[in-house]
1. Would you be able to tell me the number of residues in the stretch C:94-114 that are aromatic (Phe, Trp, Tyr), more than 7 Å from chain A (Cβ to nearest Cβ) and outside any loop (DSSP other than H, G, I, E, B)?
2. If we scan the stretch A:396-418, do we find a residue that is among the aliphatic types (A, V, I, L, M) and modelled with pLDDT under 95?
3. Would you be able to tell me the number of residues in the stretch A:416-439 that are surrounded by fewer than 22 Cβ atoms within 10 Å (Cβ to Cβ) and either part of a helix (DSSP H, G or I) or not charged (D, E, K, R) (or both)?
4. Just to be sure I understand the filter: pairs with C-beta atoms under 9 Å, separated by 6 or more residues or on different chains, first member in the stretch A:443-457 and within 7 Å of residue A:411 (Cβ to Cβ), second member of a type in the set (Phe, Trp, Tyr) and not in a helix (DSSP H, G or I). Which pairs pass?
5. Confirm whether residue C:97 is in contact (Cβ under 8 Å) with a residue 24 or more places away in the chain and of a type in the set (A, V, I, L, M, F, W, C).
6. Cβ-Cβ below 6 Å, separation at least six or inter-chain, first residue in the stretch A:282-309 and more than 10 Å from every other protein chain (Cβ to nearest Cβ) and part of a helix (DSSP H, G or I), second surrounded by fewer than 23 Cβ atoms within 10 Å (Cβ to Cβ) and among the β-branched types (Val, Ile, Thr): which pairs?
7. Out of the residues in the stretch C:62-93 meeting the condition of being in a helix (DSSP H, G or I) and either modelled with pLDDT under 95 or within 25 Å of residue A:435 (Cβ to Cβ) (or both), tell me which one is farthest from the other protein chains (Cβ to nearest Cβ).
8. Scan (1) more than 12 Å from every other protein chain (Cβ to nearest Cβ); (2) without any contact (Cβ under 8 Å) to a residue 12 or more places away in the chain; (3) farther than 16 Å from residue A:158 by Cβ for the single condition residue A:100 breaks and write down its number.
Amino acid sequence: MNPTGQITEEPLGDIEVTTSDVERVERALIDASTRLPVMIFYGSAIAWLLVSTFFGILTTIKLFWPDLFSNVAFLTWGRIQPVHWDSLIYGWGCMAGMGTAIWLMARLCRTTLRHPLVLIAGAAFWNVGVLMGLLGVLGGANTGYEWLEFPGFSALTLFFSYLLVLTWGLVMFRYRRRGHIYITQWYLLGAFLWFPWLYASAQVMLFILPVEGVMKAAVNWWFANNLLFLWFGSIGLGTAYYMIPKVIGRPVHSYYLAAIGFWSFALFSSWTGMMRLIDGPFPAWMITASIAAMILTIIPVATVGLNHHMTMRDHFPLMRYSPTLRFTVFGAIAYTAFSIVGVIISLRSMARIVSFSEATVGWTYMGLYAFFTMVIFGSMYYIVPRLVGREWRYASLIKLHFWASAYGIGLTVLLLLVGGFVQGLSLNDATLPFAESTQSILPYLRGRTLAWILLTVSHLVFAFHFGLMLLGFGRTASVPTFLNPLESKSGGAH
Amino acid sequence: MRLAEIFAKVKGYDEHAAVIFDRDEPIGRPTDLVLPPSRRSLFRRRAAKDSANSPNDAPSGTRS
Amino acid sequence: MKGLQSIFLGILGIFAFSWVGMTLVPQLQIGSLNPQSDEEGTDVYPAPTSGMAVRGAQVYAENGCFYCHSQQVRPEYGGSDIERKWGDRRSAPRDYIFQPIILLGKTRLGPDLANVGHRPALQENAAAPPTGAQPGASPTASTSPVPNEAKAAPDGSPPPPTVAASPAASVAPPPATASAAASASPVPGAPATLPAAGTQPAANVPTSAPAMVADTIALTSEGTPLPYTAAWHHRHLYDPRSIVSESNMPSYRFLYQKRRIGVVPSADSINFAGGRLNDSDENWEIVPSYDAKCLVAYLMSLDQSHPLKEAKSPLTVSAAQGKEAQK
């Protein structure tokens, strides 16, 4: 049976309605109901991605060209750096992640999206919150805590907006269709419930009922690592567990393993925060606990990696044709690499060298971009056509997007990890003046600008392509936008 | 008996893995595909309506 | 549905475990530390940050200084921080109990600043005869010295006249390979050596109301301010590359104001007789804004050199003995 042929057949007409047809209709209805909120989240996210990319280029350039715009207060490096990160995290990451999560929730609850206005309001307020936060930071309102720089009014707006999204999610879940709750939904439920607790705790413990002294730093990094793992990581892993099986048409290899992976992931990654403060002014047990937790995260990482590999076995060639699969598998592999690097830099002997170097920055990019962002790109390539009813117009643009992002982030991470190591070695050698360490990493930082140019190209291409879809200029051909044209007319190759 | 229960439970897990498939998008068929032409017209018609309409009840099977 | 209940419980329970274990329990352990004092209840450390330094911490945070500078000294086994003279001992939680914002930092594109307010005293000590006096012992430089003043002993007593004979003169322009901020410390090993001959800077007597700018700044023989003094910080913030040519630290000119000199140069001006910045001429002076003064006051307040019982190091042991001898 030729699957592609089957799907392009004309239906038999309304007289004979099969279960399969009904399911198709349902699925189309569900997809259609998610269109407006998800496209709003996606569109906003892409706009923030471009903002972040622009500031990203500027920050990399200013590292070796410090006098560029040096007299302008709102362009000083110490202000545009947090704007770059926070627009990436809260603008791009959170909104794209929420967009995908919304679509997945609707699909997995097997019910059309209810109360879209709640989500649209959530998106609007989130955008306002991010904008206010970024403008605040540029204007000189940084709180002093990484990833939590936004001033209070902005944080409050974000939190309120999130509560709208969470409420929607819980209502959807309440009205879900009976049946087993798929693994993706565990990850999404986790993410949706963990985030507000995480964000509220951080805001309260740092600003409202502040903890004393260095505990603020502990809370800061507990928040940051948990955001990376339990919010972005969960959404990313959950998405991959849906996309990979769905695209290749094979169920997850071992669901039991997936369940173990989920629980061990939640348990261990939530304790890793202090690996950012190794040998800092803290009780030793806190730091040791985080290092141990980092090492233990190898367990869930191994289960996820094994599962995806076994699911994909014999189907790797499909990556040639499916954009979603390419991005998602890249992301899944990056997740494994990200975890391994995380363990390595947490070991005390290594931490001694790289603790204050750019290596940790590279590691964060691995998690946030190489893993999470690439998986989300993949999900967007799958979801957007199902929302607008058209296919992506240019396979070449998809390919360009993929390779520019892959090489861009690969180069960034490599330069920062290696450069950071070199910098750390120099820092650790007290016979060398301090200046040596920064000089030693400068060549790598110059290279990093090149990598960001690649990423800029990639994001502009994707934004343009998405814009085409948004405006209804997608392809209406019945043949899907495979990345490499099918060899025969009957559409045989998969 | 206990061991058999555990085995049954673990075996049951693999059924959970199949919930995202159904007769329309079954196991064995890749789905990174566009909606076929017939679905597109349905899509446009439905998109104009209130999205809060609940779908028809299906006679059987699970889908997501 | 039983399965659903367990999922929810699991999700919330696991997170509660992390929240309690990583934030609440440590808060119980180190969340209500008091400053350390000796038996008589004197020699309290640390002292609360106050005055301009509190605002200075905000300025530091607002301009993102913490993205390049750390403020934590690691123990000897953890890194080379102590070897680099960034501190006598490792940092401990008690050091930070009165910090308005905790700015431990995570990256060192610039040197660690946990003890940057102590470095002028380190330079003085290297010059002073070994009487055990440590003017930099208590970090109570909370009120900002007028920026032109060299960092006086914060307990108010005038520094010994030997402050003029600081070996910092030989250190003033840091080694040619420079970077984000000038070299973190005097040439390694400097505190143990006496000043090189022939590098006597101008005499310096700090007063609370300086008359002429040139009188009140500790200068090297080349006329540049002694490293890590307030004047030096202003210079460095205004134009890092005038101090260290290869530094990639951004310049914070927007915190300063360039204006025509009036009848006499302002007491605050940072381009004083004997040392002009690159781009100033005779008729102009560069004056720090209030934020700049606060920032420098904050930097001068960063001092963890006071010994702590829970964080010993060989240096603090001998200092404690010196203090015992003083009483």
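The values are calculated or read from the model by the stated rules, or taken from the named source; none is laboratory data. Everything numeric here is computed off the predicted structure, so don't read it as measured data. When we count neighbours, we look across all protein chains shown, and the Cβ atoms used for this are built from the backbone with ideal geometry, even at glycine.
1. Total satisfying the criteria: 0.
2. Yes, the stretch A:396-418 has at least one match.
3. Result for the stretch A:416-439: 11.
4. From residues that are within 7 Å of residue A:411 (Cβ to Cβ), there are no pairs.
5. Answer is yes for this residue.
6. Pairs found: A:294/A:343; A:295/A:343; A:301/A:336; A:303/A:260; A:305/A:336.
7. Only one residue fits best here, namely C:76.
8. Here residue A:100 meets the rest and fails (2).
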